[in-house]
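A.B. asks: Questions regarding the structure given below will be posed in turn.
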Amino acid sequence: MNPKKLIITHHTPDLDAVGAAWMLKRFDSQNYADAQFAFVNPGERISEQQAQQLGSNLHNVTHVDTGLGKFDHHQPDRSKKNTCASILVYKHVCKLHPSLKEDKALKELVFYINEIDHFQEIHWPDANNLRYMFMIQELIRGHELAYPQNDEAQMYFGLKCLECAYHSLKLAIIANQLIEQEGIQFSLNQGACVGILTANDDTIKQALKQGYLLAIRKDPNQDYIRIKLRPDSSFSLKKLYQEIIKIDPEASWFYHPGGKMLLNGSSKHRNQIASKLSLNKIIELIKKVYA
């Protein structure tokens, strides 16, 4: 029977420990995809006897964020540097896969982990605001409080959080690129607007964050159209809705009572009828309605 591959980290793994383990399993999957976890006191290493009890040996053990090894940053010569276990693993996986150096989402994720590991969130705007308690490191900490002394469950909870965050980051970064490269910009008296032909639904949110007054997305695959106004805009989409249902009555249009969303197509809704209107037609209609 082949010895098991083990990833060892400290009890109640924090964001840095989880991040280092996540990158090993995801980006060095040839060696770590099936690796199991074991936990020690902070700073300690697993012994040969402990490894054997877990069906492994020290040759198949990797320590992260503990043990003063390759993927630990608590040695005297490293402790004063701006680094963490996740950065050390990041450098390792980039050597294995040089293309990862161009992965902006992964870079952002590792930068964030390092920032948290060095308690740099005290410098964030309005740092004492309780909204920061919803961030990933606080959720991992909350898992520790809600389910104490369950190291493995906390690790797997953190791994899932990071995988989800990585996907969201990738989508947002691509959305920003699409807005810049393919967005159709137009103006109303109230401000700048943008329309884009893409399946990436994050383009609307990112466009509004960038300061656009109104954003339209037409899905080239399903033909659905989504239109949103900034929440702080001074008018609603009601007039546009009234005009659209006159010329596109068969499509499934939903006008949100808040006045800032006009939607044709949603992942929350089934059996919808897509609009036959083109992106350019919608833009022309908006200009006409709000001239």
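The values are calculated or read from the model by the stated rules, or taken from the named source; none is laboratory data. Everything quoted here is computed from the prediction, not taken from an experiment. Ideal geometry is used to build each Cβ from the backbone, glycine not excepted, and the neighbour counts take in all protein chains shown.
A.B. asks: With the structure loaded, tell me whether L145 is modelled with pLDDT of 95 or more, within 14 Å of A20 (Cα to Cα), in a helix (DSSP H, G or I) and not acidic (D, E) or whether it fails that test.
C.D. replies: no
A.B. asks: As an exercise: evaluate S47 against (1) farther than 24 Å from A172 by Cα; (2) crowded, with 20+ Cβ neighbours inside 10 Å and give the number of the one condition it does not meet.
C.D. replies: (2)
Yes/no per residue for (1) surrounded by fewer than 21 Cβ atoms within 10 Å (Cβ to Cβ); (2) polar (S, T, N, Q); (3) under 26 Å from K160 (Cα atoms); (4) touching a residue at least 40 places away in the same chain (Cβ under 8 Å):
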| site | (1), (2), (3), (4) |
| --- | --- |
| M23 | no, no, yes, yes |
| L54 | yes, no, yes, yes |
| H59 | yes, no, no, yes |
| V64 | no, no, yes, yes |
| D77 | yes, no, no, no |
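A.B. asks: For the range 48-63, does any single residue satisfy the condition of being closer than 18 Å to K91 by Cβ and either assigned by TED's automatic domain parsing to the domain that holds C164 or touching a Ser or Thr at 6+ places or on another chain (Cβ under 8 Å) (or both)?
C.D. replies: Yes, there is a match, as at least one residue in the range 48-63 is closer than 18 Å to K91 by Cβ and either assigned by TED's automatic domain parsing to the domain that holds C164 or touching a Ser or Thr at 6+ places or on another chain (Cβ under 8 Å) (or both).
A.B. asks: Here is a further query. Of the residues in the range 221-234, how many are surrounded by fewer than 17 Cβ atoms within 10 Å (Cβ to Cβ) and of a type outside the set (G, A, S)?
C.D. replies: Here the count works out to 5.
A.B. asks: Going through the range 115-137 one residue at a time, which ones are over 23 Å from A17 (Cα atoms), among the acidic types (D, E) and in a helix (DSSP H, G or I)?
C.D. replies: Of everything in the range 115-137, nothing turns out to be over 23 Å from A17 (Cα atoms), among the acidic types (D, E) and in a helix (DSSP H, G or I).
A.B. asks: For the range 139-189, what are the residues that are under 30 Å from D219 (Cβ atoms) and among the acidic types (D, E)?
C.D. replies: Hits for the range 139-189 are E163, E180, E182.
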